[in-house]
Amino acid sequence: MCVETFLVEFNTCAKYNDWDAEDKAAHLKTALIGGAGLLLWEMQEATYEPIVEKLRQRYGYREQQEMFRTELKYRRRKPAKLYKSWHSPSKGSRHWRVRLPTQR
């Protein structure tokens, strides 16, 4: 689930339950698990807004977009990897064709 979806659901729950900022911070801190929960180690006394801002910085789409672009730019295909042809088998043949990479 993306962080924005989580925050919309969390804020909907907070509004329904009439939580103030202190309640939201307490409930958000208990809802974070995994890597997101590790943020709390450095933000134990933080209020709701700084925690949300840190979550958006770490897991938000806009911030990760540049990271993904960089990863794709430098990604290289591994040598000697088999690539299956996505064409259907020829008539009468029961075997799929496999295209092997050429050696350089």
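Bear in mind these aren't lab numbers, they're just calculated from the coordinates by the rules spelled out. Please read all numbers here as calculations on a predicted model, not as lab measurements. Glycine also receives a Cβ, built like all others from the backbone with ideal geometry; neighbour counts cover every protein chain displayed.
Lysine pair count for region 3-74 (Cα-Cα distance under 23 Å; residues 8 or more apart in sequence or on different chains): 5. With all projection directions averaged, the alpha carbon convex hull of region 3-74 covers 5.3 nm². Placing R0 at 22 angstrom, the Cβ-Cβ distance between Asp20 and Arg56 gives a FRET efficiency of 0.55 after rounding to 0.05.
Paramagnetic label reach from Leu40 (point 7 Å along Cα→Cβ; backbone nitrogen cut-off under 16 Å): within region 7-27, residues 22-27.
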